[in-house]
Every structure is written in C-alpha cells, then in structure tokens.
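Below is one structure; the comments refer to it alone.
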Amino acid sequence: MNKLLKNLMLASITITSGCLSISQANESTNHLTLTEKNTQPGSDETVSEQLRLKSIFEKYTDAQYQFNPFSATFKGISDYNDQFLPIISSNNLERRLALEREVLNQLNSIDSDRLSVQDLLSYQMFKRERVQTIESSNFPSQQLPINQMFGMHNFYAVLGSGESAQPFETEKDYRNFMKRSEGFARWMDSVIIAMRKGVAQGNVLPNAIVEKLIPQLQNHIVTDIKTSVFYAPLERLPENLSVDAKRQLKKDYQHSIRTVLVPAYQRVHDFLSTEYLQSSRKTFGLSELPNGKHWYEFMIKVHTTLPLTAEEIHQFGRDEVSRILNEMKIVKNEVKFKGSLAEFFEFLRNDSQFYFEKPEDLVNAYQNIKLKIDATLPKLFNVFPKADYIVKKVPDFQAQSSAGAYYSSPSPDGERPGVFYINTYNMKSQPKFLMETLSIHEAAPGHHFQIALQQEIEGLPDFRKYGGITVFNEGWALYAESLGKELGLFTDPYMWYGRLVDEQLRAMRLVVDTGLHAYGWSREQAIQYMMDNSSMAMSDVEAEVERYIVTPGQALAYKIGQRKIQQLRELGEEKLGNKFDIKEFHAQVLMDGSLPMPLLEKKIKDWISKKS
C-alpha cells in the first residue's frame, strides 16, 4: 500500500512511440547502458524544439510543486516541506485544470517531427497524461477524497511518524512540519465540505467503507499525545540543540499535535460518524453513481491503457479462474491429498506446517530465498540494477493497516538499496508456499528490476524516471512470477501451488472488479466468489474486495499487463525462432521504463521486425 501511495503522490501515466537500443559492451558491470537509435545530428530547429520541450517539462514540474508539495519532499527538495495540498475547492480544481490546458496548448505548438526518438517518446507520454488529466475532470473524484485504503488521513500519519520522506533532523524541519500540519487541518476541513457536496449530488462511499474509515480516524484522536504516531519525532530531537531550545521546540510541537492535528481528525471523524454514515449507500459499484458507467469505462482505460470493455475483461477473468483451478487440482493430486479441492483449501489455510510462528523466521526465510533467486537470474537476464535490495519487516506502527508485502525503491544512484517489506502483523496471512512467488513479484526480477532500472536511465524527465503505469509495473511483476520454473524455482509442488495462488488472485480480480463496478455485485457476492475459488483467508478476501470497491479498475492492470507481455514474448518466439533471445527480450521490455501497452507492443514488434 505504501508503495502505491508514494507513486500516487509523485506522478504517473503515459502513451505511444519511441525506443532505445542496449549496449552490452560493458559486461563488467552488467547494468543497463542506454543509447538512442537512429538519431541524426540535429539542426538548430531540432535543438530548439528539444529545448522548448525540456523547458515545458521543467516549468510544469515547478508548477506542480504548488499543487503537490509532497512530490518535492519525496525527491529531497526541501523548499516545500512546510506546505500542504491546496484545499479541495472549485477554485483550486479550476486552477489545476487551467495549468493542464495551458501546458497542453504549449505541447501542441511543438513540432514533434523535429524531436529525437527519446524526446518524442517523452512528448507523447506527457501529452497523453495532460489529456487524460483534463478528461478526469468530468468525474467528481474530489467528492470521494478519502477511503480506508488511500487518503491524506493515513498518508500524513506515516509522513509525521518520522519513518518517511519528511525530514526531522533540524529545528527548522520540525517547525516546517508544524506549519505543514496547519495546511493539513485546513485540507481536512475541506474534505467535509467536498463530501457534503457528494451527498447532495449522490456521489457517496458505500456504507461498509465508511465503517472501516471511521476507526482509522479514531486512532489519531488521543488524549495522551505521547501515544500519537505524530509524537515519535519528539523521541529523537536534534542533538545539537541547547536544553532550552529543545524544551521550547518540544512544547510547540506538542501544542501542534494537541491543538491542530488531533482536532482535525476529530472533526472529520465526527462528520463521518454522525452525518455522512447515514447518507452512505448500500450499493458498491462505481456504475451505481451518477454517470458511473462512463466513469468506470474511463478507469478501465486509465489502468489498462487498452481499448477493453468490462464484458471482455470479465469473461477473460472467468476463463483464467477456471484454468487455474484445474492446475490447483493437479497439485492436490500430486501431494496425494485425499479430499475435495475445497477441503484442500481449508487444509492449506489452517495446517500449521504452512506457517511460521516467529516474524524473524519469516524474514530470514525470505532472505535465503533472495540468495537463491539472485544466483539464478543470469539464466534469463543480461542487465541488472546497480542497486541491490534488502528484506525487512514492515514497521510495527504501519503493519496493521499495511499490505502483506511491498517494495520501496532504492536511490537512483544505487547507493541506498531497495527494500522488500514483509508484513509480519498476521503470520497466518504469510504462508510458506507463497514465499518464492511473492519474492519474485515484489523484488527480483519483478518490481526491483523494473523500478530500479528505470531510475537509472540518465536524461529521462522526472515524470518518466519516478512515475509509472500500473499495467506495465504490475504486469511486469506478474509476468516475472511466470519465469519461476525457468529460473529453477517452484520445484516443491506447494511452492508451485503458491504461484497458482498468486495468479488466481489476479484472475479473480478481473471478475470481481468488473462484477462490482459493471455488473452490480454486492460486497458479499464478491467475497463469496473469491472464497469459492481460492484458499485465501476470509480476512484477506474482505480486505481485497474492499480495496477493489474504492480503487475501480486498478486491480485489472496486473493480469492484463501480464497477458500482453506474454503475448509479445510468444510473438517473438514464433517470428524469430532460433534468433529469439530471452535475455534480449527482457532487456527490450525494461529498457525504456514504464510504458503503456500500445507503445510497448509497437516497440517489441519493431524489434522483432529488425531482427527477422
């Protein structure tokens, strides 16, 4: 979850053409060395257009810091560390749209024929994002500003814990956060106004979601501020401050928690529990809201980057669920389990042999799997990130509301490693048979390869270097899981079953997401479907379904992206025969960073054509 939150804060989305070639000359490093293809020396006009485009990117980034100062904080830019988001208001929404339209007009004045290959790619991707952002204004997402999965109420608590990007190293850092907290309080008040407008216009959260949201706010309404997550930075005040300076800073900071932060949470909590809850809806899908059908169609387009309908995605999901169930039956027979598949699921959910008792044992086991996977990667890859990754458990204060596992990116220079976080809060949600497939997905060669390599590409504008498209990012990670047997993993039938579990989850998502948002499914119907077709624990299924309810279309990206990458690999194998090199194919997929599927398809087809 934290990875998703950070990505949402920083930037994202894209489309259409451009490519890079890979040089393998420096085999001592085995890192991605990128050079542009077919770029001729530029005329003055060409240089001028490239400089104009770069200037548009830079000016847009600077302007964006005013609308999203957290993006600067996460990049280590300290100038905006005391600022919060503009409040939710019609005026601020129009200001944002005015910026998008102005930038789009500037882009339209660029002569794209004069751009280099990579600049053309950046131009097309950036323009697509501007068009899509403008189109998103047709749907009132600002009236649903928080939910149990995402929202500033959770994000700001993590930021204020001292365990995120907000620095707490000097007195100024602490005072920056106090000022930022005043902006947070104003923003939270605007949440109430925006959600009241949503009630008036029929755009409200489902009742079950509001009931999960209220306790999250309650957690921050404390009488003893030492129990607040925001108090943690006071436990490690800067050493170079005098005793008097520390005393005054501590007094001021405590006052900020008590009089600014706690009341802000209290006001939204009271609004939700005494006013909003009774107006929340009994339905769950986006299509149940005004203009909801078109809204969901837009979200499918955003998250898959492909012209797909809910109906075809739903059927694809059902077909995949059926296929994977048959694969699970084969595993059941292989391990000689006597009983039905449903009984096999219960056995896997409850038998102690499949679960660690101690968190440290789980983390150590993942570290051993890391070493095993690292040794096999050269079978399928010839480029590797400069940065390594480490395995850590999710911090205790985040664990209860965090995902089961997630990846946090390294520094672009490779000096700080990536982190593969494992949630040890509920050990029953971390079965041993998921370990190999989860490690592949979240770490190497999944998210770690894709994200770290993208950050290492020199010369990319920030929106490409630090942004990402879900269908590419998650499609790649799920495709990476499918490489397990080729890497020499999944030799234990239970580990192979774990791979099937992970793929089944993504297949069920296609059915459930479209079921909820296009077919009018209830929460209970979605939960029952997932329980019937997997060995997942009820608590995990409920959390998954409630995630899909509040993030329409996002869950479609995984399986759709995997399918497209697999289709492109099969096309390459078919067309190239003995000329097909799996290592080169993987480099081609990764070498331009996160791409929309139409662009990735064009790029791979061009590569195939040139090698034929």
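The values are calculated or read from the model by the stated rules, or taken from the named source; none is laboratory data. Just so you know, these numbers come straight off a predicted model, no measurement behind them. Ideal geometry is used to build each Cβ from the backbone, glycine not excepted, and the neighbour counts take in all protein chains shown.
Remarks
- Residue satisfying all of: in segment 229-247; surrounded by 15 or more Cβ atoms within 10 Å (Cβ to Cβ) and aliphatic (A, V, I, L, M); farthest from residue 172 (Cα to Cα) among these: 229
- Whichever residue in segment 293-317 is among the polar types (S, T, N, Q) and in a helix (DSSP H, G or I) and, among such residues, is farthest from residue 141 (Cα to Cα): 315
- Residue 134 free of Cβ contacts under 8 Å to residues at least 24 places away in the same chain, among the β-branched types (Val, Ile, Thr) and surrounded by fewer than 20 Cβ atoms within 10 Å (Cβ to Cβ): no
- Top-ranked residue of segment 164-194 - restricted to ones that are surrounded by 15 or more Cβ atoms within 10 Å (Cβ to Cβ) and over 17 Å from residue 85 (Cα atoms), ranked as modelled with the lowest pLDDT: 164
- Residues of segment 322-359 satisfying the condition of being hydroxyl-bearing (Ser, Thr, Tyr) and surrounded by 13 or more Cβ atoms within 10 Å (Cβ to Cβ): 355
- Filtered residues of segment 579-591 (kept if touching a Lys or Arg at 6+ places or on another chain (Cβ under 7 Å) and under 15 Å from residue 471 (Cα atoms)): none
- Residue match in segment 482-501 (condition: more than 22 Å from residue 388 (Cα to Cα), among the polar types (S, T, N, Q) and in contact with a His (Cβ under 7 Å, 6 or more places away or on another chain)): no
- Filter result (crowded, with 16+ Cβ neighbours inside 10 Å, within 20 Å of residue 417 (Cα to Cα) and hydrophobic (A, V, I, L, M, F, W, C)) within segment 360-376: 363, 365, 369, 373
- Residue 75 vs. criteria within 22 Å of the chain's Cα centre (by Cα), surrounded by fewer than 19 Cβ atoms within 10 Å (Cβ to Cβ) and either under 26 Å from residue 261 (Cβ atoms) or among the basic types (Lys, Arg) (or both): yes
- Matching residues in segment 437-488 - criterion: being out of contact with any Ser or Thr (no Cβ under 8 Å at 6 or more places or on another chain) and among the charged types (D, E, K, R): 442, 456, 458, 465, 474, 485, 486
- Considering only residues in segment 409-454 that are of a type in the set (Ser, Thr, Tyr) and buried (at least 19 other Cβ atoms within 10 Å of the Cβ), the one that is nearest to residue 368 (Cα to Cα) turns out to be 439.
- The condition of being modelled with pLDDT of 95 or more, touching a helix residue (DSSP H, G or I) at 6+ places or on another chain (Cβ under 9 Å) and buried (at least 16 other Cβ atoms within 10 Å of the Cβ) does not hold for residue 386.
- Residue 420 satisfies every condition listed in (1) in a helix (DSSP H, G or I); (2) modelled with pLDDT of 90 or more; (3) out of contact with any Leu (no Cβ under 6 Å at 6 or more places or on another chain); (4) of a type in the set (A, V, I, L, M, F, W, C) except (1).
- Each residue in segment 217-228 was checked for being surrounded by fewer than 20 Cβ atoms within 10 Å (Cβ to Cβ), in a helix (DSSP H, G or I) and touching a helix residue (DSSP H, G or I) at 6+ places or on another chain (Cβ under 7 Å), and 2 of them qualify.
- Applying the condition of being of a type in the set (A, V, I, L, M, F, W, C) and surrounded by fewer than 18 Cβ atoms within 10 Å (Cβ to Cβ) to segment 58-72 and asking which residue is farthest from residue 125 (Cα to Cα) yields 67.
Every residue, every condition in (1) free of Cβ contacts under 8 Å to residues at least 24 places away in the same chain; (2) out of contact with any Phe, Trp or Tyr (no Cβ under 8 Å at 6 or more places or on another chain), yes or no:
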{"site": "250", "(1), (2)": "yes, yes"}
{"site": "258", "(1), (2)": "no, yes"}
{"site": "263", "(1), (2)": "no, yes"}
{"site": "274", "(1), (2)": "yes, yes"}
{"site": "315", "(1), (2)": "yes, yes"}
{"site": "328", "(1), (2)": "no, no"}
{"site": "339", "(1), (2)": "yes, no"}
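- Options 261, 289, 237: the member that is of a type in the set (A, V, I, L, M) and over 23 Å from residue 160 (Cα atoms): 289
- Any hit, segment 146-162, residues being surrounded by fewer than 16 Cβ atoms within 10 Å (Cβ to Cβ) and within 21 Å of residue 87 (Cβ to Cβ): no
- Boolean, residue 552 is over 25 Å from residue 121 (Cβ atoms), in contact (Cβ under 8 Å) with a residue 60 or more places away in the chain, under 19 Å from the mean Cα position of the chain (by Cα) and crowded, with 18+ Cβ neighbours inside 10 Å: yes
- Enumeration of residues in segment 378-411 that are closer than 25 Å to residue 458 by Cα, part of a loop (DSSP other than H, G, I, E, B), of a type outside the set (Lys, Arg) and over 18 Å from the mean Cα position of the chain (by Cα): 380, 381, 382, 383, 384, 385, 387, 388
- Unmet requirement for residue 167, which otherwise passes all of (1) touching an Asp or Glu at 6+ places or on another chain (Cβ under 6 Å); (2) not in a loop (DSSP other than H, G, I, E, B): (2)
- Residue within segment 356-377 that is more than 27 Å from the chain's Cα centre (by Cα), part of a helix (DSSP H, G or I) and closer than 22 Å to residue 429 by Cα present: yes
- Selection count where residues are in contact with a Leu (Cβ under 8 Å, 6 or more places away or on another chain) and under 19 Å from residue 255 (Cα atoms), scope segment 208-223: 1
- Filtered residue count, segment 253-266, keeping only those that are farther than 24 Å from residue 237 by Cα and surrounded by fewer than 17 Cβ atoms within 10 Å (Cβ to Cβ): 2
- Unmet criterion (only one of (1) over 27 Å from the mean Cα position of the chain (by Cα); (2) surrounded by 16 or more Cβ atoms within 10 Å (Cβ to Cβ); (3) farther than 30 Å from residue 140 by Cβ) for residue 250: (2)
- The set of residues in segment 343-352 being of a type outside the set (Asp, Glu) and without any contact (Cβ under 8 Å) to a residue 60 or more places away in the chain consists of 347, 350, 352.
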